[in-house]
Amino acid sequence: MKSSVQSPASGAGRTLVCFALSNEAGDFRKRVGIRGDISILITGIGKANSGRAFRESLEASKPDVVFTGGFAGGLNPALSIGDVVFETDDTKLQKTLTNADARPASFFCASLIATTVAEKEKLRRTTGADVVEMESEIIQAICRDRGIPCATVRVISDAAHENLPLDFNKLSRPDRSLDFIKLLRAVARTPRTIPALLKLHRNTKFAAGRLAEVLEKVV
């Protein structure tokens with residue numbers, strides 16, 4: 001999966017907002033429109049894709065601040081779908097995000113999607129994290145090395161008590177993107193998953209809107 005970036009006007013002070021997938025970024029993109037001070041980078045799923053895409057972006061231009069956003073799975077039972085959480089070492093960004101109604105949380109960056117309640121409970125027990133996602137750790141590390149202020153800002157798309165309707169790890173291509181042919185075959189084999197998939201779609205749509213609301217306040 002190739003990364004893509006929407007670039008700002010040359011010479012403008014720049015905020016770079018990274019998302020793994022276009023559907024995570026859609027509502028935010030609509031809200032900020034053609035603002036010349038904001039870039040949106042679609043990295044692809046997972047640490048390898050996000051690290052590669054982010055490094056390539058930095059070769060073109062160094063941003064003033066980076067937000068790494070998108071969906072996340074809840075590990076802390078107190079978190080609900082649509083809750084926006086963040087993690088950052090930057091005290092200014094901490095204050096800004098708190099004022100924008102985001103909640104501080106601890107993150108675990110996984111190699112695979114946590115698809116079941118049992119997997120989430122194990123991650124919560126072994127890592128102590130509130131939230132699981134797959135991209136932000138490497139982006140945070142690169143920013144730390146290069147002295148760029150960075151915050152992970154994620155929205156809960158599936159809560160700790162919820163199983164995902166399918167094992168999306170088995171439905172992925174080698175680059176971690178979703179293989180829609182595999183998805184269609186899986187749904188055809190187990191049509192009982194359709195209501196749960198529709199519910200997940202509604203939840204992610206709601207979550208993307210909530211994330212966009214918060215990010216618009218801080219960029």
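The values are calculated or read from the model by the stated rules, or taken from the named source; none is laboratory data. Note that the structure is a prediction, hence the values are computed from the model and not measured. Here the Cβ positions follow ideal geometry from the backbone for every residue, glycine too, while neighbour counts run over all protein chains shown.
Here are a few things to note about the model shown:
- Count - residues of the stretch 32-43 that are of a type outside the set (Asp, Glu) and either at pLDDT 95 or above or in contact with a Pro (Cβ under 7 Å, 6 or more places away or on another chain) (or both): 7
- Within the option set Ala151, Ala212, Ala208, Ala186, being surrounded by 18 or more Cβ atoms within 10 Å (Cβ to Cβ) and under 21 Å from Thr116 (Cβ atoms) holds for one residue only, Ala186.
- Scan of the stretch 162-180 for residues that are closer than 15 Å to Leu197 by Cα and part of a loop (DSSP other than H, G, I, E, B), ordered by number: Glu162, Asn163, Leu164, Pro165, Leu166, Asp167
- Selection over the stretch 18-37 of residues that are in a helix (DSSP H, G or I), surrounded by fewer than 14 Cβ atoms within 10 Å (Cβ to Cβ) and over 14 Å from the mean Cα position of the chain (by Cα) gives a count of 1.
- Where a residue in the stretch 55-77 is at positive phi and its partner, wherever it lies, is aliphatic (A, V, I, L, M) and assigned to a loop (DSSP other than H, G, I, E, B), with Cβ under 8 Å and at least six apart: Gly70/Ala20; Gly70/Leu21
- Residue selected from the stretch 133-161 under the condition touching a residue at least 60 places away in the same chain (Cβ under 8 Å) and part of a loop (DSSP other than H, G, I, E, B), by the criterion farthest from Asn49 (Cα to Cα): His161
- Contacts under 6 angstrom Cβ, first residue in the stretch 27-51 being under 13 Å from Val66 (Cβ atoms) and without any contact (Cβ under 8 Å) to a residue 60 or more places away in the chain, partner part of a helix (DSSP H, G or I) and aliphatic (A, V, I, L, M), 6 or more apart: Ile40/Ala25
- Residues of the stretch 1-17 satisfying the condition of being modelled with pLDDT of 95 or more and either closer than 20 Å to Pro174 by Cα or part of a helix (DSSP H, G or I) (or both): none
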